[in-house]
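Data block below; observations after.
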Amino acid sequence: RFGTSCADCSPAARPTMNRIPSGLCLLLACLLGLCLRQAAFLLQPGSGGAAGLPEAGSRIGAQPFSDSPELLAAEEACSAWDASVRLLLGATLSAVLLLGAAPARADVEDVVIAVDEKGKTTSLTKEGVVRGKRLFNAACAICHIGGGTKTNQNVGLSTEELSGASPNRNTVEGLIDYLNNPTTYDGLKDISEIHPSIKAADVWPKMRSMQQQDLYDMSAYILYMNQVIPEKWGGGKQYY
């Protein structure tokens, strides 16, 4: 958690709506076509289907309907075909339902990130996410992998925990302020010498080359991850 000592560590999107994939749509269309074809076949006179089957008790030649090998073979073929189509339709319907129930995956540009407490927001590009992740992994992940906190498993970098800090840390500006001059969770005590910071860059070599834009990118990445995987980010070693 921001505000938790890292002395034990060596200093070194809004979600879019679900879309059914085009491949799945094509599969559904093919299965529908097969069903229609089967229906046409069964209704075709002389096919052995409903329109082509004699009524019960009628005879073909000298043989009863129930003893006709041709009709029995046709019935078995239709039954096997019918079972196969129903199985495929059931499997496809299950896949569609599961896909519809899955959480929506956000496009990068659609994830809204709070910049300040006045309501200003921003969004990241794919390149921005990659850059923020690289900076976070280099400077923060040794203690905060997956948004958790190795030195204090009770708190991490989730939106809820960032919001509970004083001052508030759930905005880009709030996180930048913390990385420049970190304080305890209640904001009463300076901890710049036991948590990586620009203020104590002489103690934290990895912070010496950090520019304010780097801090911005890292902060935006932290808040971005809170949006796209909120159930995992901040979970620490439970997921990572």
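Once the other residues with Cβ under 14 Å from the Cβ of Gln213 are scored (Lys, Arg +1; Asp, Glu -1), what is the net sum? Present the calculation step by step, with values, prior to reporting the outcome.
Working: positive: Arg131, Arg134; negative: Glu127, Glu173, Asp214, Asp217.
Neighbourhood net charge equals -2.
Loop-located trypsin sites (Lys or Arg not before Pro) across segment 166-210 with a Cβ neighbour count of 10 or fewer within 10 Å are Lys189, Arg208, with loop assigned by DSSP. Using C-alpha pairs under 8 Å with a sequence gap of at least 6, the mean separation divided by the residue count of segment 103-179 gives a relative contact order of 25 percent. With a Cα-only, solvent-free Debye model of segment 162-240, what are the log10 I(q)/I(0) values at q = 0.11, 0.19, 0.24 Å⁻¹? So the normalised log intensities work out to -0.31, -0.89, -1.17.
Ligands, DNA and RNA aside, Met210 has an accessible area near 30 Å² when probed at 1.4 Å.
On the basis of the beta-carbon distance and an R0 of 51 Å, Ile142 and Arg86 show a calculated FRET efficiency of 0.40. Contact order for segment 143-240, expressed relative to its length and based on alpha carbon pairs under 8 Å spaced 6+ residues apart, stands at 37 percent. Within the accessible area of segment 141-240, what % is carbon and sulfur when the probe is 1.4 Å and the other protein chains stay in place? C and S atoms contribute 49 percent here.
With both labels modelled 7 Å from their Cα along Cα-to-Cβ, the Lys232 to Lys206 distance reads 2.1 nm.
Taking amide H atoms as placed 1.01 Å from N in the peptide plane, the amide H of Gly234 lies under 5 Å from those of Gly147, Gly148, Leu157, each 5 or more residues away in sequence or on another chain.
The values are calculated or read from the model by the stated rules, or taken from the named source; none is laboratory data. Note that the structure is predicted; figures quoted are calculated from it, not measured. As a convention, Cβ positions derive from the backbone with ideal geometry for all residues, glycine included, and neighbour counts pool all protein chains shown. Heads up: the accessible areas ignore ligands, DNA and RNA and are worked out on the full protein's heavy atoms, side chains in. Shrake-Rupley method; radii C 1.70, N 1.55, O 1.52, S 1.80 Å.
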